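Input: a single structure, listed below in structure tokens.
All of the numbers you see were taken from the coordinates with simple rules; none came from a lab. Only a predicted model underlies this, so the values are computations on that prediction, with no experimental measurement involved. Don't worry about glycine lacking a Cβ; one is built from the backbone with ideal geometry, like all the others, and counts go over all protein chains shown.
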Amino acid sequence: MEYDVVIIGGGPAGYIAANKASQLGAKVALVENRELGGTCLNRGCIPTKTYIKNIEILEEAEKAEQRGLDIKITKNIEDLSKAVEFKNKVTKKLSQGVGALLKSYKVDVYISKGRLLENKKVLLDDGKELTGKKIILAGGSKTKYLNIPGIESKKILTSTGILDLKKVPKSLVIVGGGVIGCEFAEIFRGYGSEVTIVETLSNLLPFNDKDISKELERIFKKKGIKILTGKKVTGFKEAGEGIETELETGEKLASDYVLFSVGREANLSCIEGLEIKQSRGRIEVDKYMETSIEGVYAAGDINGISMLAHSAFKMGETAVKNALGAREEVRIENTPKCVYTLSEIASVGLIEEEAREKYEKVQIGKFSFGANGRAIASSEEEGFVKVICEGKYGEILGIHIIGSKATEMIAAGVIMLEMELTIEEASEVIYAHPTFSEAILEACADCLGKCLHLPNRN
């Protein structure tokens, strides 16, 4: 079969590219070997959100008494079978929704492994070959492993495997204090597990603003999550019904399970045996998303530029537009980064350390949710908004939020950076009251020393 565009991968980059190609008048084929929607929808961001909502409900119920409500709850959950069932119901609905979208755009979908051959041919499991005038590689990513003795143990779970546990473990060691590790720490501590995070670097979320990381560590410790930073794991050993995690220091951490979450890497199975330029295990692309092979583009996690679903949406759309004749550079520099702990984390732009390295004068504004009317009324006072701006011209360089609704609020920050607003302009906007998002306005005003909801410093 011949197509204008053949896409390998049905995740965020792939299915959006397919729909866009069809919208532009192309005959399109999409090849996906698992469920439509990719890792994010089926085994990552969406299923974890069903679990974090469960923990949010439990935490809200615990606050009920102080708010004058009498609600009886079970603090420690044991059986997760119904939670797994609900999670699967959600992912199935969304995956079917992706399928319906593709059908509406008249995309030919092949449920099969796809491997790119020479001459822009894609080989399927049954030996059939699809030929595309243009090819979009959107194979996504897979769990990253390290060569650590004992890593093959069945007591070591990935972010996929842990989502199918039917019973809450009494204890859980999480190797890796990045986004995945922190989200699961929140989830399983909320379910009642004793949770320990082991992170090689000096703080959790090591690539986030340090003030944000410190605040999360404070919140986690308050909840009873044990945090071991600057610790290297040297081995795993099954012990009875559980497993021991061995550290470089000689410490041994006993637990029912280990969650191994040290990041993800590009899934390159779709180009096996093909000569295509790569760098650090990822497919290299130019600013137009084109690979070293003319007419072959790579979008999403497979190119490693930004391993986020919302970045993949943009890259997939840009790649296919360029494949069909445009000459459009991908613009993802103002992509928000989110962590779905209960005190959500959301960031866009530079962190403080980066800003001070790049600019001679930097101003910082902060506003705590402990001084925000809506947050106080909602018993959600943890966290703050931090705004970073350049001191001479007032350019907004970064916005970082930790607290309730942060991932929804960050859209305002993205618009500020995208529209290149100055801190003076941003501080003159009227926000609705009472809202959590007012904290952004107050932090902007604090950058200028003009916040009227903070004590007078003069």
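Taking mean projected area of the Cα convex hull in nm² as calculated from this structure, the corresponding entry among (i) 34.8; (ii) 22.0; (iii) 25.0 is (iii).
Averaged over residues, the count of other Cβ atoms within 10 Å places the peptides 298-305, 53-60 in the sequence 298-305, 53-60, highest first.
Secondary structure note: in the chain, about 60% of the DSSP beta bridges are antiparallel. Per the Debye formula on identical point scatterers at the alpha carbon atoms of the stretch 35-79, with no solvent, log10 I(q)/I(0) at q = 0.13, 0.32 Å⁻¹ is -0.43, -1.07. Treating only the Cα positions of the stretch 78-152 as identical point scatterers, give the base-10 log of I(q)/I(0) from the Debye formula at each q in 0.19, 0.26, 0.27 Å⁻¹. Each listed q corresponds, in turn, to -1.01, -1.17, -1.20.
Within the same chain, lysines fewer than 8 places from LYS133 are excluded, and of the rest, those with a Cα less than 24 Å from its Cα are LYS20, LYS27, LYS103, LYS106, LYS113, LYS120, LYS121, LYS277, LYS287, LYS314, LYS321. For the stretch 182-261, the relative contact order works out to 24 percent when only alpha carbon pairs closer than 8 Å and six or more residues apart are counted. When the alpha carbon gyration tensor of the stretch 89-207 is reduced to an equivalent ellipsoid, the three semi-axes, largest first, read 38, 20, 15 Å. Between ASN147 and GLU284, what FRET efficiency follows from the Cβ-Cβ distance if R0 is 22 Å, with the result rounded to 0.05? Between ASN147 and GLU284 the formula returns 0.30. Using the average count of surrounding beta-carbon atoms within 10 Å as a protection proxy, the listed peptides 29-38, 228-237 rank, highest first, as 29-38, 228-237.
Neighbour counting of Cβ atoms within 10 Å sorts the residues PHE369, PHE313, fewest neighbours leading, into PHE313, PHE369.
Listed by chain and number, the aspartates and glutamates placed with their C-alpha closer than 20 angstrom to that of LYS358 are ASP209, ASP211, GLU333, GLU390, GLU395, GLU418, GLU420; residues fewer than eight positions away on the same chain are left out.
Spatially, the stretch 219-294 and the stretch 53-68 are offset by 33 Å when compared through their Cα centroids. Neighbour counting of Cβ atoms within 10 Å sorts the residues MET289, MET416, MET1, fewest neighbours leading, into MET1, MET416, MET289. Summing Lys and Arg as +1 and Asp and Glu as -1 over all other residues whose Cβ lies under 11 Å from the Cβ of GLY242 gives a net charge of -1. Among the helices of the chain, those built from whole DSSP H runs whose Cα atoms reach 15 Å or more along their own axis and whose mean Kyte-Doolittle hydropathy is at least 0.0 are 179-191, 406-418. With contacts taken as Cα pairs under 8 Å at a separation of at least 6 residues, the chain carries a relative contact order of 14 percent. The reciprocal of the average 1/r between distinct C-alpha atoms defines the Kirkwood hydrodynamic radius, which for the stretch 349-426 equals 13.1 Å. With N counted as the residues of the stretch 156-262, its alpha-carbon radius of gyration over 2.2 N^0.38 Å works out to 1.00. In loop segments of the stretch 362-417 as defined by DSSP, the trypsin sites (Lys or Arg not before Pro) with at most 11 further C-beta atoms inside 10 Å of their C-beta are LYS392. Annotation note: trypsin sites (Lys or Arg not before Pro) in the stretch 309-338 located in DSSP loop regions with a Cβ neighbour count of at most 12 within 10 Å are ARG327, ARG331.
Under the shape rule built on the C-alpha gyration tensor, where the axes satisfy a ≥ b ≥ c, the stretch 411-458 is oblate, since a/c reaches at least 1.5 while a/b does not exceed b/c. In the stretch 343-447, Cα pairs under 8 Å separated by at least six residues give a relative contact order of 34 percent.
When only alpha carbons are used to place a centre, the stretch 143-202 and the stretch 342-395 end up 30 Å from one another. In terms of surrounding Cβ atoms within a 10 Å radius of their Cβ, TYR340, TYR105 rank from fewest to most as TYR105, TYR340. Other residues lying with their Cβ under 12 Å from the Cβ of ALA21 contribute a combined charge of +3, Lys and Arg counting +1, Asp and Glu -1.
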